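Scroll down for the structure; my scribbles are underneath it.
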Amino acid sequence: MMTSTTKFMASIVLSKLNKHYGSLHHAVKDVDLTIADKEFVALVGPSGCGKSTTLRMIAGLEDISSGEIRIGDRVVNNLPPRDRDVAMVFQNYALYQHMSVYDNLAFGLRNKKVPESEIKAAIDRAAEMLGLHELLKRRPRQLSGGQQQRVALGRCIVRNPLVFLFDEPLSNLDAKLRAQMRIEIKRLHSQMPTTSVFVTHDQVEAMTLGDRVVIMRDGEVQQAGTPLSVYGHPVNRFVAGFIGAPAMNFLDVTIRKEGDTRVAQSAAVKLAINEASARALEAWQGRPVIMGLRPEHLALGSDGPVSRSFPAKVEVVEQLGSEILLETRVGDARVTVARVPPETQVAAGDQVRLSVQPGRLHFFDPKTETAIVA
Amino acid sequence: MTGAGRPLFGEQTRFMLLLITPAALLLTLFQVVPIAIGANASFRDWALYNPKKTWVGLHHYEAVLSDPEFLWVVLPNTFIFMILSVAGALVLGLALALLLNRPFAGQKIVQTVLLVPLMVAPVIAAIMMRWMFNDQFGIVNAVLEGLGLDGQPWLVERWTAFGVIVMTDIWLWTPWYTLLLLAGLQSLPREPFEAAAIDGTSTWRVFTHLTLPMLRSVIVVCVVIRAIDAFRTFDIVWTLTGGGPGRSTELFSLYAYVLAFLTLDFGRGSAAAIIGGLIILVVGAVLYRVVDRIARV
Ligand SMILES: Nc1ncnc2c1ncn2[C@@H]1O[C@H](COP(=O)(O)OP(=O)(O)O)[C@@H](O)[C@H]1O
Ligand SMILES: [Mg+2]
């Protein structure tokens with residue numbers, strides 16, 4: 001298997017995938033997802049939403065309750081893990097502690113009785129890519145967390161599988177290392193493009209790594225799209241709040257008509273709505289909706305027309321050096337403001353005005369929480 | 001705490017000392033004192049007919065160490081028994097633990113049944129075995145004859161008798177291994193095994209390359225404990241064969257017992273016991289070293 005240089009197409013298709021644990025717990029619900037050949041998909045969602053379960057079903061470590069999984073042109077539902085030609089990186093590395101790094105890397109190939117000379121060549125290549133050469137003789141427990149995860153990556157690379165699966169591989173690393181490894185994984189993917197599914201609860205990881213981001217909640221896929229599209233056009237309030245940091249602000253407002261323009265109004269806020277949004281909000285005239293504002297789309301001050309800004313009271317000032325984060329109060333809602341220039345003179349207790357471009361407003365149905373205007 | 005008239009220990013310490021006193025007393029009375037008496041006896045001509053208890057120095061030790069029975073029957077028997085019993089029960093126990101480690105219908109029942117030998121006193125087990133292997137009316141010969149085979153005088157010949165002893169001990173101790181190894185198996189991390197499954201590892205290779213090395217420390221501890229224990233085995237041999245036929249299945253404890261309590265030569269019996277103690281001390285220490293070395297790899 002190793003020797004075949006031309007791998008056939010390895011798309012992954014999940015259709016109506018379900019997983020029940022016992023009779024009560026429905027961990028994965030009707031997941032439909034198509035992952036293209038060589039695509040890098042990030043599966044993201046809060047802890048317990050069924051990401052790992054989905055990944056483990058793809059790997060074959062977990063039985064499928066119903067639905068179908070295809071890898072390439074094969075339905076793999078009933079194939080044992082070893083016949084699926086996938087490789088997996090685990091959160092806690094899952095290295096073989098009693099073997100040297102070299103033997104860890106060689107293990108999968110020795111299973112297939114690949115000649116030692118070929119194994120050595122494959123390990124040399126992987127060690128080159130990951131900078132593992134000095135570590136080959138050591139044992140996993142003599143390595144740092146970052147090095148161990150690199151070995152785990154190497155173990156997958158040497159097998160040259162159809163599919164890479166990652167289950168929160170960076171969660172055990174500290175923030176700095178995590179950022180480094182993120183880049184490393186990205187570089188690996190461009191050096192040897194392989195269909196990859198990357199599970200994480202960290203939306204930054206998902207956004208930075210994924211060609212496409214799939215957001216899950218309570219076992220259901222909420223939205224799948226490019227990082228830009230899920231950021232710019234979240235389909236519901238959950239996605240809107242989950243993607244982006246700091247998280248989106250939500251205000252309860254009512255849609256009203258003032259002369260020719262439509263406004264979103266609450267006791268503390270009155271904002272003009274642009275024409276495209278106004279059309280979508282036609283049916284919501286006079287009714288309450290949830291308005292979403294990204295912290296980075298809010299600006300301090302009111303240079304523009306008064307209909308584009310609203311008053312707020314600063315409660316907390318966080319100086320980050322590169323920017324200031326403001327926690328403000330607008331009526332009885334909390335509103336976070338990001339990207340305030342660091343030299344701005346502002347203090348807790350100040351009354352300020354926050355302005356926003358009308359095109360940046362998001363609106364959600366207060367009952368279903370789906371986007372009216374995303 | 002007040003300064004005046006401060007007691008030697010704090011209240012808490014005194015309470016703790018009080019709590020361990022009974023155990024310490026018991027230990028002294030039933031372990032330390034007998035060893036001291038035994039050691040004393042081993043240097044004297046201590047027999048019921050000789051009230052003088054003459055000091056004879058190392059005479060008894062010389063006698064035991066030059067006794068061909070001790071050197072060529074008892075010691076080999078003891079070590080063969082130790083190796084066979086420890087290895088046999090380990091292999092069986094490991095096999096059972098592996099079976100029990102995967103869920104199946106009726107698992108609870110099997111687990112309970114497996115524990116039965118642990119609850120049976122060794123003497124009872126030995127008596128059961130003696131009946132089963134009785135050459136006239138034992139069930140083993142009955143079954144063999146029913147199958148058209150010849151019954152054997154199991155307990156009358158050296159090696160068959162020895163085999164029955166080893167088998168009884170294995171039967172008694174297999175569940176102990178199973179319990180400990182099963183606990184060991186269940187405490188192993190799951191991910192390496194999942195990684196191995198994804199890497200296409202055969203069941204046998206998983207066993208030899210993952211399970212065994214990861215269980216090594218548990219196995220090592222089991223082996224050391226049981227090896228030392230097997231060296232001292234007395235009850236089942238005494239009940240099954242009494243050391244016979246002749247003295248051919250005598251193990252070390254039996255040898256010391258016979259000297260001390262049948263020939264009533266307490267001095268020589270004590271010397272034998274102390275020699276055995278020293279041997280097992282050395283064997284235990286070496287085993288522990290070896291095993292610890294292996295486990296640390
Ligand atoms: N073996 C299991 N038995 C029962 N419930 C499980 C099992 N594994 C996971 N679950 C449940 O399934 C849900 C999804 O789990 P998981 O896929 O691990 O979530 P995530 O990886 O997104 O944090 C969780 O509520 C979890 O409690
Ligand atoms: Mg998980």
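Tabulated data
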read-out	value
Any hit, region A:99-107, residues being in contact with an Asp or Glu (Cβ under 9 Å, 6 or more places away or on another chain) and assigned by TED's automatic domain parsing to the domain that holds A:Arg56	yes
Residue that is surrounded by the most Cβ atoms within 10 Å (Cβ to Cβ) [pool: residues in region A:211-234 that are more than 16 Å from ligand 1 (Cβ to nearest atom) and assigned to a loop (DSSP other than H, G, I, E, B)]	A:Pro234
Boolean, B:Val220 is more than 30 Å from A:Leu153 (Cα to Cα), of a type outside the set (S, T, N, Q) and within 14 Å of chain A (Cβ to nearest Cβ)	yes
Failed item in (1) within 14 Å of another protein chain (Cβ to nearest Cβ); (2) in a helix (DSSP H, G or I), with B:Pro189 passing the rest	(2)
Pairs, first more than 12 Å from chain B (Cβ to nearest Cβ) and under 19 Å from A:Ala36 (Cβ atoms) in region A:72-89, second among the β-branched types (Val, Ile, Thr) and part of a strand (DSSP E or B), C-beta under 6 Å, six or more apart	A:Val76/A:Ile69
Single match in A:Ser309, A:Ser229 (criterion: closer than 18 Å to A:Val337 by Cβ, out of contact with any His (no Cβ under 6 Å at 6 or more places or on another chain) and among the hydroxyl-bearing types (Ser, Thr, Tyr))	A:Ser309
Of all residues in region A:18-37 being buried (at least 16 other Cβ atoms within 10 Å of the Cβ) and within 16 Å of ligand 2 (Cβ to nearest atom), the one that is farthest from A:Val221 (Cα to Cα)	A:Lys19
Scan of region A:127-152 for residues that are within 14 Å of another protein chain (Cβ to nearest Cβ) and either surrounded by 15 or more Cβ atoms within 10 Å (Cβ to Cβ) or acidic (Asp, Glu) (or both), ordered by number	A:Arg138, A:Arg139, A:Pro140, A:Gln148, A:Gln149, A:Val151, A:Ala152
Residues of region A:38-61 satisfying the condition of being within 9 Å of ligand 2 (Cβ to nearest atom), away from chain B (no Cβ under 14 Å) and under 16 Å from A:Gln91 (Cα atoms)	A:Ser47, A:Gly48, A:Gly50, A:Lys51
Residue list for region A:68-106, restricted to those being away from ligand 2 (no atom under 16 Å from the Cβ) and touching a Phe, Trp or Tyr at 6+ places or on another chain (Cβ under 8 Å)	A:Gly72, A:Asp73, A:Val86, A:Ala87, A:Tyr96, A:Met99, A:Asp103, A:Asn104
Residue list for region B:155-186, filter: among the small types (Gly, Ala, Ser) and more than 27 Å from B:Gly246 (Cα to Cα)	B:Ala183, B:Gly184
2 or more residues out of contact with any helix residue (DSSP H, G or I) (no Cβ under 8 Å at 6 or more places or on another chain): qualifying strands (runs of 3 or more DSSP E) within region A:323-374	A:324-330, A:333-340, A:351-355
Within region A:163-217, considering residues that are within 14 Å of another protein chain (Cβ to nearest Cβ) and in contact with a His (Cβ under 9 Å, 6 or more places away or on another chain), the one farthest from ligand 2 (Cβ to nearest atom)	A:Phe164
Residue list for region A:13-67, filter: touching a Phe, Trp or Tyr at 6+ places or on another chain (Cβ under 6 Å) and either more than 9 Å from ligand 1 (Cβ to nearest atom) or within 19 Å of A:Leu162 (Cα to Cα) (or both)	A:Ala42
Residue ID - surrounded by the most Cβ atoms within 10 Å (Cβ to Cβ), chosen from residues in region A:235-270 that are under 22 Å from A:Thr54 (Cα atoms) and aromatic (Phe, Trp, Tyr)	A:Phe242
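The values are calculated or read from the model by the stated rules, or taken from the named source; none is laboratory data. Fair warning: this is a prediction, and the values are worked out from it, not measured in the lab. Using ideal geometry, Cβ is built from the backbone for each residue, glycine included, and neighbour counts are taken over all protein chains shown.
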